[in-house]
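The values are calculated or read from the model by the stated rules, or taken from the named source; none is laboratory data. Not measured: the values here are computed from a predicted model. Every residue, glycine as well, gets a Cβ built from its backbone with ideal geometry; the counts of neighbours run over all protein chains shown. Just so you know, the surface numbers come from the protein's heavy atoms only, side chains and all, with ligands and any DNA or RNA stripped out. Shrake-Rupley method; radii C 1.70, N 1.55, O 1.52, S 1.80 Å.
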Amino acid sequence: MANTLKRLGKWASSISKTRYYSTICEEQKVQQSGKTVNLFTAINQALHIALETDPRAYLFGEDVGFGGVFRCTTGLADRFGKNRVFNTPLCEQGIVGFGIGLAAMGNRAIAEIQFADYIFPAFDQASVFSLFIYFLLRKTKCRCCNLPGFQHGSTWVKVRSSVKLPSSDTVVGINLTVEVESLYGVLLNLISHIPVLRVDLLSGLTIRSPYGAVGHGGHYHSQSPEAFFCHVPGLKVVIPRSPQQAKGLLLACIRDPNPTIFFEPKWLYRLAVEDVPEHDYMLPLSKAEVIRLGSDITLVGWGAQLALMEQACIDAEKDGISCELIDLKTLIPWDKETVEASVRKTGKLLVSHEAPITGGFGAEIAASISESCFLRLEAPIARICGLDTPFPLVFEPFYMPTKNKIFDAIKATVNY
């Protein structure tokens with residue numbers, strides 16, 4: 001493990017010596033003063049605050065008890081005890097399923113999936129729970145008893161848990177009957193009847209997971225699966241670009257009543273360094289941020305890609321091109337208004353992300369902006385993304401959307 005972290009540090013240092021700074025949203029009025037920390041330390045601070053301020057919060061996952069692979073949970077088990085910060089078996093489906101049970105019993109579940117590449121067995125659990133909450137929060141009414149968001153279930157399962165909950169041996173009624181009259185008048189009814197609970201007892205589920213390239217991860221430690229989860233109604237997908245953003249956004253995710261997935265750019269864990277306020281603060285979800293003003297072209301990205309895009313903007317400025325750079329931060333639901341306003345001003349758009357170009361979330365942004373800003377566009381929307389191949393090992397530099405690729409696309413789009 002130590003050798004892996006050393007290699008990661010050397011690789012990150014060879015890419016850039018630039019610190020990654022961010023701005024705080026004015027609505028939050030977060031003071032800029034604080035200690036200079038890296039991204040994994042900022043995440044550790046957020047988790048510490050979440051556990052300290054809410055006794056209902058639990059943190060769990062593979063190797064979480066001793067600090068985790070990237071040390072994001074260091075010291076938390078010692079501080080809050082092994083009943084609230086603990087390891088789980090190597091079963092992603094079980095980790096998220098356990099988190100669903102905790103959230104359904106009124107707790108705040110913070111589940112860690114060690115690498116996003118292994119999150120797919122948990123997809124069914126996360127998507128079904130998100131749909132369930134989606135309809136509960138919209139006050140779906142039961143046809144037989146007219147209770148908001150409930151329907152009497154025909155299938156009964158017994159749930160046991162060693163965690164101290166309101167009841168250690170609770171019979172829970174679950175009805176996963178889905179009535180789909182789709183395309184001809186949709187009525188999707190995915191609701192449960194849980195006699196011992198009320199709707200207002202349901203709390204949050206947050207799934208944390210490192211994602212993206214790391215320099216030597218190969219196919220099973222470098223993937224960017226965010227677009228998969230953007231197809232799930234009710235599930236929020238959040239990706240920070242810096243330590244300051246990571247702390248505020250993670251606390252907002254944990255305290256949000258909706259299920260959230262918080263993807264952490266793993267090559268920023270130690271590379272990204274900035275001043276982070278020590279106090280408790282949250283940043284708004286679903287609100288993009290313009291981190292660089294410009295007039296010639298709009299650039300949209302998220303996570304670690306923002307650093308490369310900012311470097312490309314600096315190079316473009318030397319050629320007389322003014323770039324406006326937007327950090328989306330929340331992919332679902334995303335801030336269309338901010339992006340649309342920028343594109344109406346510049347007339348051009350470039351989207352960049354590490355995930356493969358086909359079916360990536362950049363395609364959704366491009367399609368949406370094409371519809372809403374069609375008459376204002378002066379050039380085709382450009383996408384600089386990963387390739388439609390398995391993530392390579394030795395050929396990673398050819399796969400990645402690099403600064404030079406972005407810079408070339410900026411010039412081509414502006415000169416169209």
Self-check item: Separation of the ASP319 and VAL128 label points, Cα + 7 Å toward Cβ, nm
Solution: 5.2 nm
Self-check item: Computed lengthening from HIS219 to ALA363, 0.36 nm per intervening residue step minus Cα-Cα distance
Solution: 49.6 nm
Practice problem: Run down the aspartates and glutamates and flag those whose C-alpha is under 12 Å from the C-alpha of LYS348, throwing out any fewer than 8 positions away in its chain. | Solution: ASP296, GLU324, GLU340, GLU378
Self-check item: Accessible surface of PHE40 - all protein chains present, 1.4 Å probe, nearest 10 Å²
Solution: 40 Å²
Quiz item: Taking the Cα centre of each part, how many Å lie between segment 293-364 and segment 225-282?
Solution: 19 Å
Practice problem: On the protein heavy atoms, probe 1.4 angstrom, tell me the percent of accessible surface of segment 289-414 carried by carbon and sulfur. | Solution: 58 percent
Practice problem: Would you mind checking the pairs LYS287/LYS345; LYS345/LYS405; LYS287/LYS411 and listing those with alpha carbons more than 22 angstrom apart? | Solution: LYS345/LYS405; LYS287/LYS411
